[in-house]
Amino acid sequence: MNMTVQPISNQVVLHVEDLTVSFDGFKAVDKLNLYIDRNELRVIIGPNGAGKTTLLDLICGRTRATDGLIRFKGRELTKMPEHQIVRAGVGRKFQTPSIYENLTVFENLEISYPGGRSVFGALTFTRTRAVTDRVQQIAEQILLADRLQECAEFLSHGQKQRLEIGMLLMQEPELLMLDEPVAGMSVPERRQTAELLRQICKGRSVIVIEHDMEFVRSIAHKVTVMHQGKVLAEGPMDQVQADPHVIEVYLGH
Amino acid sequence: MKAVGGFLRKHDLAGILVLAAILLVVLPLMLDLFRLNLVGKYLTYAFVAVGLVLCWGYGGVLSLGQGVFFGLGGYCMAMFLKLEASDPASTKIQSTPGIPDFMDWNQLTALPWFWQPFHSFTFTLLAMLLIPGLLAFVIGIAMFKRRVGGVYFAIITQVIAAILTILIIGQQGYTGGVNGMTDLKTLHGWDIRSDSARYLLYFLCCALLIGGVFLARYVLGSKLGKLLLAMRDKEERVRFSGYDVAEFKVFVFTLAAMFSAVGGALFTLQVGFMSPSFVGIVPSIEMVIFTAVGGRASILGAIYGSLLVNWAKTFFSESFPQLWLLFMGGLFIAVVMFFPNGLAGVLEQHRVRIGEWWRKCAGRLRPTPAVPLQRENHS
């Protein structure tokens, strides 16, 4: 069993080393090591309670680590406030679609544009050509270009999920973390989303948490299996699927 | 629910014109000076209500302590006026002439240091804005950076309102105590109790309020306004879009405090005194009720709410003084339960039907319905 895969040094964009978080003595993530390469699409799988979502929470600063370090492009993230982690280039999508229902699709995307992020900046922010062009471009990518003026609450579940991905793309993150992006989607919607993920991982690294094995197979470069806060196995899909430990704790017989 | 943003932009300018016409033309023609002065007093609460629309209606930050800032603004103005009213000539019967009467009654023999700068009107104006602004800023930093929000924040603002009231009442040598600062007479020699002054102050109050409406409208129309709505809806998402949420809450809370302070200063000028009864918990909650009744997401709604509830307060407490508080409580519960967006929300819901009714009325008045009239109703 290979607990840690040594990275090819100059390629690695995210180092997670000995990361531990303990909630009243329960270690949700336990001395975890993880290395993500530039332009890699990594999928994390594992049974419920394995610590997958907690790991993403730790990286984006939503939960604070008890021990260990997270280095992103040479910057230590464990002590940074959330908004600065975002500004450093880390984007996070939540499990349930987290969009602004009382704003239009356009406004949802516009708010995510990286500009005018201070109080004064927001007061004086003007909708320039650069902003509208970028909104238009992203809207086309997430297949919502014809619904820009609609209020976001009227979108379907799948469209809301895509809108949130679009909002993250507006931020131009170098590391994008998606928590179960196809949960609750229909089969055609899954196919659309898989295509979208393949497009967006060009030029950035992506971490995806997913349960749907078929979907995982269709997108993953490399798969990490988590169990009880630790990495159980890591490698290409076929290798991981054949691993007896993985079959025992997660995939089943 | 595109209504919130869209409705504001389309109907706002017409709405502001209607408000200006009511305040500047209709009411002065309809009411005698006594009643007009009362309306002026109600309008000072409208400043607080507009602030609450920004801070509570949009920002989702419920402050039950706006009376603190209203009071601080009012007291700053009162200190200046009191000093002018306490010149040595008119206070020569005191044991220490030249200091405010309540200080003399409390055996003070010299003007306290922090009263000295209030001889200057410029300083007073700055202090009236900056002292409440600074207090709100400090409270905001202390609370929002620690992510205290919702009910906990509301309770803390109540506590601050209670503390300030106790402080003012307890330090009566410096503040005038429970009676407040009374017998305010002139501003740079101009008698603020004369009829002409009351008219002028009423129009000044209206003009500043309309200016405030434009300012609030600018803030809400900017990206910051959208961010406030977004924060109310999904605070976490805003944070993970790279914004420091606390910074925005501090800003909007401070701005709301400054709105309240201007209201308080105008209150002192128009009513002629300031006392702790406008600072504490009850007046602070009343201010939230004005906003809720008018519509917490509507600037103009909140102004009408302040006028209406205060008019009702005067009317009912003239006729049934004991029942007023009960009635006010009932009103608040009813509004929260049945009309969460207040009068403005009800109006918005029935806009189409009101439009039809209006057209029918207009049609009955003129055989060929006037086109501009219809369009006016829509724009």
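Some values worked out for this structure:
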read-out	value
Selection count where residues are buried (at least 24 other Cβ atoms within 10 Å of the Cβ) and within 14 Å of chain A (Cβ to nearest Cβ), scope the range B:198-219	0
Matching helices (runs of 4 or more DSSP H) fully within the range B:95-174 where at least 2 residues are among the β-branched types (Val, Ile, Thr) and either outside the structural domain of B:Lys234 (by TED's automatic domain parsing) or loosely packed, with under 14 Cβ neighbours inside 10 Å (or both)	B:121-144, B:150-170
Those residues of the range B:75-94 which are of a type in the set (Lys, Arg) and part of a helix (DSSP H, G or I), in sequence order	B:Lys82
The range A:133-150 - residue that is free of Cβ contacts under 8 Å to residues at least 24 places away in the same chain and within 25 Å of the chain's Cα centre (by Cα) and, of those, farthest from A:Glu172 (Cα to Cα)	A:Ala145
Selection status of A:Leu148, within 13 Å of another protein chain (Cβ to nearest Cβ) and either touching a His at 6+ places or on another chain (Cβ under 7 Å) or under 19 Å from B:Met231 (Cα atoms) (or both)	no
Residue that is within 14 Å of another protein chain (Cβ to nearest Cβ) and touching a strand residue (DSSP E or B) at 6+ places or on another chain (Cβ under 6 Å), where the choices are B:Phe240, B:Phe251	B:Phe240
Helices (runs of 4 or more DSSP H) contained in the range B:194-258 and holding at least 2 residues in contact (Cβ under 8 Å) with a residue 24 or more places away in the chain and not polar (S, T, N, Q)	B:195-221, B:223-233
Matching entry among A:Glu82, A:Glu107, A:Glu101 (being within 13 Å of chain B (Cβ to nearest Cβ), of a type in the set (D, E, K, R) and within 16 Å of B:Asp244 (Cβ to Cβ))	A:Glu82
Test result for A:Gly68, within 26 Å of B:Leu229 (Cα to Cα), crowded, with 16+ Cβ neighbours inside 10 Å and either within 14 Å of another protein chain (Cβ to nearest Cβ) or at pLDDT below 95 (or both)	no
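Yes/no matrix, rows are residues, columns are (1) on the phi < 0 side of the Ramachandran plot; (2) part of a helix (DSSP H, G or I); (3) surrounded by fewer than 22 Cβ atoms within 10 Å (Cβ to Cβ):
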{"position": "A:Lys79", "(1), (2), (3)": "yes, no, yes"}
{"position": "A:Arg92", "(1), (2), (3)": "yes, no, no"}
{"position": "A:Thr96", "(1), (2), (3)": "yes, no, yes"}
{"position": "A:Glu101", "(1), (2), (3)": "yes, no, yes"}
{"position": "A:Glu110", "(1), (2), (3)": "yes, yes, no"}
{"position": "A:Arg117", "(1), (2), (3)": "yes, no, yes"}
{"position": "A:Thr132", "(1), (2), (3)": "yes, yes, yes"}
{"position": "A:Val135", "(1), (2), (3)": "yes, yes, no"}
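The values are calculated or read from the model by the stated rules, or taken from the named source; none is laboratory data. Since this is a predicted model, take the numbers as computed values, not measurements. In this analysis, Cβ positions are derived from the backbone assuming ideal geometry, glycine residues included, and neighbour counts consider all displayed protein chains.
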